[in-house]
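Colleague: Quick one: the structure is below, questions incoming.
The values are calculated or read from the model by the stated rules, or taken from the named source; none is laboratory data. Please read these numbers as outputs of a predicted model, since none were measured by experiment. Reconstructed Cβ throughout: ideal geometry from the backbone, glycine too, with neighbour counts over all protein chains shown. Quick note on the areas: whole protein, heavy atoms, side chains included, nothing else; ligands and nucleic acids left out. Shrake-Rupley method; radii C 1.70, N 1.55, O 1.52, S 1.80 Å.
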Amino acid sequence: MIKKIYAVLIFMLLFSFTFSSNIKDVRFNSYPPQVVLDLDESNPNYVTEYDENSRTLFVEVRGVNTPYNKSVTNKLSKYLESVQEYKYDRSHGFFLKLQKNIFHKVSIRRSPNRLVIDLSRNATNKQYTVVIDPGHGGKDTGAIGSKNLREKDVVLSIGKYLRDELKSDFNVVMTRDTDEFISLKNRSNIANRIGADIYVSIHANSSNSSAHNGMEIFYFSKKSSPYAASIARYENSFGEKYGENTSSIVQIAGEIAYNKNQEKSIPFADSLTKNLSKTMGMKNRGIHGANFAVLRGINCPGVLIEVGFIKSPKDSSIISSRSHQKKMAKKIAEHIRNYFY
Ligand SMILES: [Zn+2]
């Protein structure tokens with residue numbers, strides 16, 4: 001019997017050490033409005049309860065080994081009437097009294113590990129806006145592959161699948177969701193008008209050689225390699241072909257934002273190209289910075305995915321298949337989710 005009790009005690013001790021989750025910092029973000037508890041554990045032991053009557057949200061982190069001792073003051077008074085701490089044994093909790101008509105959502109996010117309490121004035125609580133930009137459309141077919149496979153159709157289909165994957169968690173705006181012509185300038189205007197958080201442009205590559213295959217992802221850069229510049233020139237040429245002076249699309253982001261957007265776009269593009277090519281069984285042609293007119297005009301992080309070479313028999317059989325398009329959209333959506341959460 002005693003042995004059994006010891007075994008239980010040892011188990012409990014091990015359990016509490018394994019599942020300890022210390023609060024490293026408590027932050028109040030104003031945009032988007034959030035209370036963030038930075039944690040040292042990716043799977044923290046926590047509880048959360050909300051009482052409608054008192055509009056009080058209780059969030060408690062359990063298994064705290066090292067107490068967080070800095071004072072916590074409410075810096076989101078437009079959303080929170082009051083913030084009260086509660087410490088007991090190895091638990092550290094917060095009573096957050098919400099202002100009237102404020103909605104909340106509690107989630108665990110990783111890299112860095114944190115518990116996030118999103119606060120908003122609308123019930124949908126979708127904090128982020130993703131703009132999906134299927135390239136070309138209407139009179140602009142984009143590149144044309146074998147069996148008359150058209151870039152504009154492939155990228156629209158992938159774009160719509162991507163929208164379906166994301167719409168439950170994000171505000172999703174498409175620059176086009178039908179077969180219509182949209183100028184490059186209007187595409188970036190759409191993103192800027194609604195304050196996009198990320199911009200994902202979808203294209204397919206063209207090459208006169210059917211031997212070229214694989215996918216690659218571009219981000220906006222004023223400097224580029226000769227290869228990346230040639231791809232940007234090619235995509236920009238469609239704008240020119242349909243009467244648009246693409247050099248009149250100016251870089252909208254100031255220098256600080258330009259660097260910040262690039263800092264965010266590069267790791268996103270890098271992990272996406274690695275995982276997406278692997279998932280699709282396609283060659284990974286890496287990431288490149290280039291001066292794409294459509295990316296130059298936006299004021300947020302953004303990427304342009306060249307999903308494959310439309311003239312390559314291998315790539316075209318993948319990117320023209322509905323099930324593969326869906327698979328691709330699912331993977332891109334997963335990366336967008338990881339990017340934000
Ligand atoms: Zn294109």
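Colleague: Taking amide H atoms as placed 1.01 Å from N in the peptide plane, list the residues 5 or more away in sequence, or in a different chain, whose amide H sits under 5 Å from that of residue 81.
Modeller: 97, 98, 99
Colleague: Then there is this: What's the carbon and sulfur percent of the stretch 129-340's accessible surface, probe 1.4 angstrom, rounded to a whole number? Mind showing how you got there, number by number?
Modeller: Numbers: 4430 of 8760 Å².
Result for the stretch 129-340: 51 percent of the exposed heavy-atom area is carbon or sulfur.
Colleague: Something else now. Say the dipole of the stretch 129-340 comes from +1 at the beta carbon of Lys and Arg and -1 at that of Asp and Glu; which of 332, 282, 178 then lies farthest toward its positive end?
Modeller: It is 282.
Colleague: Here's a follow-up. Take the Cα radius of gyration of the chain and divide it by 2.2 N^0.38 Å, with N its residue count; two decimals is plenty. Can you show the working numbers first?
Modeller: Details: Rg = 24.2 Å, N = 341, 2.2 N^0.38 = 20.2 Å.
The reported ratio for this selection is 1.20.
Colleague: Another question, if that's okay. List, in order, the whole-Hz ³J(HN,Hα) value for each residue of the stretch 187-193 obtained from phi through the Karplus relation with A = 6.51, B = -1.76, C = 1.60 and θ = phi - 60°; use x for Gly and Pro.
Modeller: 4, 6, 4, 4, 4, 6, 4
Colleague: So, one more: What is the Cα centroid distance between the stretch 152-188 and the stretch 247-305, reported in whole angstrom?
Modeller: Between the Cα centre of the stretch 152-188 and that of the stretch 247-305, the gap is 17 Å.
Colleague: Which order do 120, 210 take by accessible area at a 1.4 Å probe, largest first?
Modeller: In descending accessible area the options line up as 210, 120.
Colleague: With +1 on each Lys and Arg Cβ and -1 on each Asp and Glu Cβ, how big is the dipole of the stretch 18-120 about its Cα centre, in debye rounded to the nearest 20?
Modeller: Using only the charged Cβ atoms, the result is roughly 300 debye.
Colleague: Treating only the Cβ of Lys, Arg, Asp and Glu as charged (+1, +1, -1, -1), what charge dipole size does the chain show about its Cα centre? Round to the nearest 20 debye.
Modeller: For the chain, the charge dipole is close to 360 debye.
Colleague: Would you mind getting the accessible area per residue of the stretch 129-340, heavy atoms of the protein chains only, 1.4 Å probe, in Å²? Please report the intermediate quantities before stating the final value.
Modeller: Working: 8760 Å² over 212 residues.
Accessible area per residue: 41 Å².
Colleague: Report the residue, chosen from 53, 213, 275, that carries the largest GNM mean-square fluctuation when the chain is represented by alpha-carbon nodes joined by springs under 10 Å.
Modeller: 53
Colleague: Another question, then. In whole Hz, what ³J(HN,Hα) sequence does the stretch 100-107 give by Karplus (6.51, -1.76, 1.60; θ = phi - 60°), x for Gly and Pro?
Modeller: Per-residue couplings from phi come out as 4, 6, 10, 9, 9, 8, 9, 8 Hz.
Colleague: Moving to a separate point now. With unit charges on the beta carbons (Lys and Arg positive, Asp and Glu negative) and the dipole taken about the Cα centre of the chain, which residue among 106, 166, 34 sits farthest to the positive side?
Modeller: Among 106, 166, 34, the one farthest towards the positive end of the dipole of the chain is 166.
Colleague: Compare 272, 156, 80 in a GNM of the chain, Cα atoms joined below 10 Å, and give the one with the largest fluctuation.
Modeller: Its mean-square fluctuation being the largest, the pick is 80.
Colleague: Follow-up question, since we're still on this one. Comparing 330, 78, 185, which has the greatest mean-square fluctuation in the GNM of the chain with Cα pairs linked when under 10 Å apart?
Modeller: 78
Colleague: Can I ask one more? Tally Lys and Arg at +1 and Asp and Glu at -1 over the other residues with C-beta under 12 Å from the C-beta of residue 251: what net charge comes out?
Modeller: Local net charge: +1.
Colleague: Rounded if a/c is under 1.5, else prolate if a/b is larger than b/c, else oblate: which is the stretch 148-284, with a ≥ b ≥ c the root eigenvalues of its Cα gyration tensor? Numbers along the way, then the final one.
Modeller: Numbers: a/c = 1.15, a/b = 1.09, b/c = 1.05.
Rounded, since a/c falls under 1.5.
Colleague: Okay, moving on. Could you tally the net charge around residue 31, taking each other residue with its Cβ under 15 Å from the Cβ of residue 31, Lys/Arg +1 and Asp/Glu -1?
Modeller: Net local charge, residue 31 excluded: +4.
Colleague: Considering only 228, 266, 206, whose Cα is most displaced toward the positive end of the charge dipole of the chain, charges sitting on Cβ of Lys, Arg (+1) and Asp, Glu (-1)?
Modeller: 206
Colleague: So what J values fall out for the stretch 116-121 if you push phi through Karplus, 6.51 cos²θ - 1.76 cosθ + 1.60 with θ = phi - 60°, rounded to Hz, Gly and Pro as x?
Modeller: 10, 10, 7, 10, 8, 8
Colleague: On a straight-distance basis, which aspartates and glutamates could pair with residue 314 in a cross-link, Cα separation under 16 angstrom, same-chain partners fewer than 8 positions away excluded?
Modeller: Residue 314 reaches 151, 216, 306.
Colleague: Just add up the charged neighbours of residue 79: K/R +1, D/E -1, any other residue whose Cβ is under 12 Å from the Cβ of residue 79.
Modeller: +4
Colleague: Additional query: Holding the Cα-Cα limit at 25 Å, pick out from 278/311; 167/264; 274/327 the pairs that are longer than that.
Modeller: Table pairs above 25 Å Cα-Cα: there are none.
Colleague: Which peptide among 282-288, 81-87 comes first, and what is the full order, when sorted by highest mean count of other Cβ atoms within 10 Å?
Modeller: Values: 282-288: 18.9, 81-87: 13.4.
Listed from highest to lowest mean packing, they are 282-288, 81-87.
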